[in-house]
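Contents: one structure, followed by commentary.
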Amino acid sequence: MVVLHRNCRLLPGLKRKRLLVFNGSLPFWIVVSSAFWCIFELVNLRIENWYYINIPDSGLIRFFGYLAAYGTVIPAIYVTREAISALLGAVSIRPIKLRPYLPYSFPLSTLLFLLLMLFPTYLFSCAWIFLIPVGEWYCYARGYSCFTRELEQGKIGNLLSTLLSGLVCGFLWESWNYWAIPSGFIPSPSLRA
């Protein structure tokens, strides 16, 4: 992606701005990304949706492996989102009023989390979305950029770019995971029931 950033002939939108993860803050984002991923690892202790095979015995090697694997999640999603956003350009829709939803965001996050804990076999996908409503509420309340504010302004490009980057990165990670010796394994829900 550094090469992509320096030679942006195909993505002129990226040429005008310096990507956040390459401005000297990448080590910080690796630590933040690793810590964020650990939330999902804690949730997985209950839902048992995935497990790892062939991991090294050495705790030090395992630690750096986890740091490298988990630390790439947020930076990769961010860089991929920026590339997709440059390709899509501005995408507008009719503004959607979502402000009445905001008071319900914390209870909605709590409900999603509780449903996940109570019915992990059937609602394991809630592991990936239960933090979104409370995160949106926090960003909206603080005046930060968020999907809710952008939808109210009739902008959907950032949301589409983020969703597509999740699909692209998820596909790539699972493809690479398949061929990796130490890897994660996600059994199908029907095998777990």
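Read-outs throughout are calculated quantities, based only on the coordinates presented, and are distinct from any laboratory measurement. On a predicted model such as this, the values are computed, not experimentally measured, just so you know. Positions of Cβ are backbone-derived with ideal geometry, glycine not excepted, and every protein chain shown enters the neighbour counts.
Assuming R0 = 25 Å, what is the FRET efficiency of LEU123 and SER25, from their Cβ-Cβ distance, to the nearest 0.05?
Result of the calculation: an efficiency of 0.10.
If amide hydrogens are placed 1.01 Å from N in the peptide plane, which non-local residues have theirs closer than 5 Å to the one on LYS155?
When sequence neighbours closer than 5 places are left aside, the close amide H contacts are ILE93.
Which residues' amide hydrogens lie under 5 Å from the amide hydrogen of TYR52, considering only partners 5 or more residues apart or on another chain, with H built in the peptide plane?
Distant-sequence amide H within range of TYR52: PHE185.
Rank by packing, highest mean first: peptides 119-129, 74-84, 138-148, with packing defined as the count of other Cβ atoms within 10 Å averaged across residues.
74-84, 119-129, 138-148
What distance in nm separates the two pseudo spin-label positions at TRP173 and LEU160, each 7 Å out from Cα along the beta-carbon direction?
Once both label points are built, they end up 2.4 nm from each other.
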